[in-house]
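The values are calculated or read from the model by the stated rules, or taken from the named source; none is laboratory data. Just so it is clear, the model here is predicted, and its values are computed rather than measured. Glycine also receives a Cβ, built like all others from the backbone with ideal geometry; neighbour counts cover every protein chain displayed.
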Amino acid sequence: MDRNTPPESLITRLLHADRRSTPEHGAVHKPMHPAATYAYARTADLVAVFQGAQAGYVYSRQGNPTGAALEAKITLMEGARGCAVFSTGMAAIAAVLLTLLKAGDHVVTSRYLFGNTHSLFNTLAGLGIGVSFVDTAEAAPVAAALQPNTRLVFTETIANPGTQVADLAAIGRLCAERGLLYVVDNTMTTPALFQPRSVQAGLVVHSLTKGIAGHGHALGGAVVDTGLFDWARYPNIAESYRKGDAANWGLQQVRKKGLRDMGATLRAEDAHRIATGAETLALRVAATNANALALAQWLEQQPQVARVHYPGLASHPQHARAQALFGGQFGALLSFELQPGLDVLAVLDRLRVVILSSHLSDTRTLAIPVAQTIFWEMGAAKRAEMGVTDGMVRLSVGIEALADLQADFARALAG
Ligand SMILES: *Cc1c(COP(=O)(O)O)cnc(C)c1O
């Protein structure tokens, strides 16, 4: 590039990434490759690909060109070193935890985790891995929970549904000081708001199903290696992967054991849909985040609403931190609590535009009563401990016209 030309912005690079690396017919998208297997004319080439001496594809479970094109885009978005994509966000998180931890290890994570991730950590506890659930909105409880056998710290950026914002920078400093692997689930913020690399995360995980795909039409997950963690110091890398550049060891083990052995491969069709969705991420995030802020401010004024949780509100306990970390946007997720005595199910039944659904970060606005659904399985005592009240509603705000959303809530709250 001419040295007088400023570097291209992320959105431009994303939009033109496929076209620039796929000259066939001038196609603006990578072709979709649903093939299960790849054939070679010479046995020596097949052997070389198997042995890692030559780049190529063998059997689609462990990777295919459509997935690789998406991996390249996510690597670009996260300013990272590499990425492996999976069939769902949970598959990506499970791959990290099950391939990098062993019985006798210990991990520290948030007590406000996404419910299914919380449940997965409980599975780990049953496999002989110690798990400490602490409030990651502060770094001190994380530091206090560390043990000599602690291998990693895992947190989300913005918690669901309470919208607590983790002390991402302080926890990153702590992990760097102690040589610990720092894993950040960036699903709720996406690279449009935040790159965990900026707070020294070693790995980033994503549910691509949410903001990155954006249209509720594909499931997917990703594990991203930022390149900041020194894998040579990590004790759980298998001998067979301790070869070549140590910078590749971690993601290689996650890919080989988590994808090849465990098999939660992303379908080529879905990789293609997610890659197309990712092209408009910045536009959708700007629209959903502006709607969410306006709706949060409006809901805070309504007499039927007792409390609104949204990092963009001055009343939010981590508002200043969110402002500093996320570049002036605060996400599409908010929750609110109705005044005691109001029937949350009846209020939600009066919505006409907003959809009753458990998904997140869609183009459409989605609402769900929290205690009765996503937090039902854990029981009342645990809900109380997590601050989930019976009148709590979680909202994932979409790109509809703000006036339509406000009118819908005005009608629903008025009864
Ligand atoms: C949805 C979600 C996941 C799980 O992703 P799936 O694609 O649904 O498996 C993980 N973490 C967070 C923060 C999520 O919101």
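Things worth noting here:
Each row is one residue, and each column tells you yes or no for (1) crowded, with 17+ Cβ neighbours inside 10 Å; (2) polar (S, T, N, Q); (3) assigned by TED's automatic domain parsing to the domain that holds K210.
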residue: V85; (1), (2), (3): yes, no, yes
residue: M90; (1), (2), (3): yes, no, yes
residue: A95; (1), (2), (3): yes, no, yes
residue: T99; (1), (2), (3): yes, yes, yes
residue: G104; (1), (2), (3): no, no, yes
residue: V107; (1), (2), (3): yes, no, yes
residue: N116; (1), (2), (3): no, yes, yes
residue: S119; (1), (2), (3): no, yes, yes
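- Inside the stretch 218-229, residues that are within 13 Å of the ligand (Cβ to nearest atom) and either in a loop (DSSP other than H, G, I, E, B) or outside the structural domain of L152 (by TED's automatic domain parsing) (or both) make up a count of 3.
- Residues in the stretch 321-341 that are crowded, with 17+ Cβ neighbours inside 10 Å, aliphatic (A, V, I, L, M) and more than 19 Å from N291 (Cβ to Cβ): L325, L338.
- The stretch 120-156 - residue that is under 18 Å from V205 (Cα atoms) and touching a residue at least 40 places away in the same chain (Cβ under 8 Å) and, of those, nearest to the ligand (Cβ to nearest atom): E156
- Within the stretch 298-317, the only residue that satisfies the criterion of being free of Cβ contacts under 8 Å to residues at least 60 places away in the same chain and among the hydroxyl-bearing types (S, T, Y) is S315.
- Residues within the stretch 143-159 that are buried (at least 23 other Cβ atoms within 10 Å of the Cβ) and not hydroxyl-bearing (S, T, Y), tallied: 6
- Residue count for the stretch 343-362, restricted to those that are touching a residue at least 12 places away in the same chain (Cβ under 8 Å), away from the ligand (no atom under 16 Å from the Cβ) and not in a helix (DSSP H, G or I): 7.
- Within the stretch 76-104, residues that are within 12 Å of the ligand (Cβ to nearest atom) reach partners that are modelled with pLDDT under 95 with beta carbons closer than 7 Å, at six or more positions or on different chains, in the pairs M90/N116.
- Some residue of the stretch 378-397 being assigned to a loop (DSSP other than H, G, I, E, B), within 25 Å of A213 (Cα to Cα) and within 24 Å of the chain's Cα centre (by Cα): yes
- In a residue-by-residue description of the stretch 73-86, the property of being outside any helix (DSSP H, G or I), touching a strand residue (DSSP E or B) at 6+ places or on another chain (Cβ under 9 Å), within 23 Å of D185 (Cα to Cα) and β-branched (V, I, T) applies to at least one position.
- Matching residues, the stretch 297-320, being touching a helix residue (DSSP H, G or I) at 6+ places or on another chain (Cβ under 8 Å) and either surrounded by 15 or more Cβ atoms within 10 Å (Cβ to Cβ) or in a helix (DSSP H, G or I) (or both): W298, L299, Q302, Q304, V305, V308, Y310, P311, G312, L313, H316
- Restricting attention to the stretch 173-211, the residues that are outside any strand (DSSP E or B) and either within 16 Å of the ligand (Cβ to nearest atom) or surrounded by fewer than 24 Cβ atoms within 10 Å (Cβ to Cβ) (or both) add up to 27.
- Among the numbered conditions (1) under 21 Å from C83 (Cβ atoms); (2) more than 18 Å from the chain's Cα centre (by Cα); (3) among the polar types (S, T, N, Q), the only one that T265 does not meet is (2).
- In the stretch 324-342, residue farthest from the ligand (Cβ to nearest atom) [restricted to those that are at positive phi and within 23 Å of the chain's Cα centre (by Cα)]: G328
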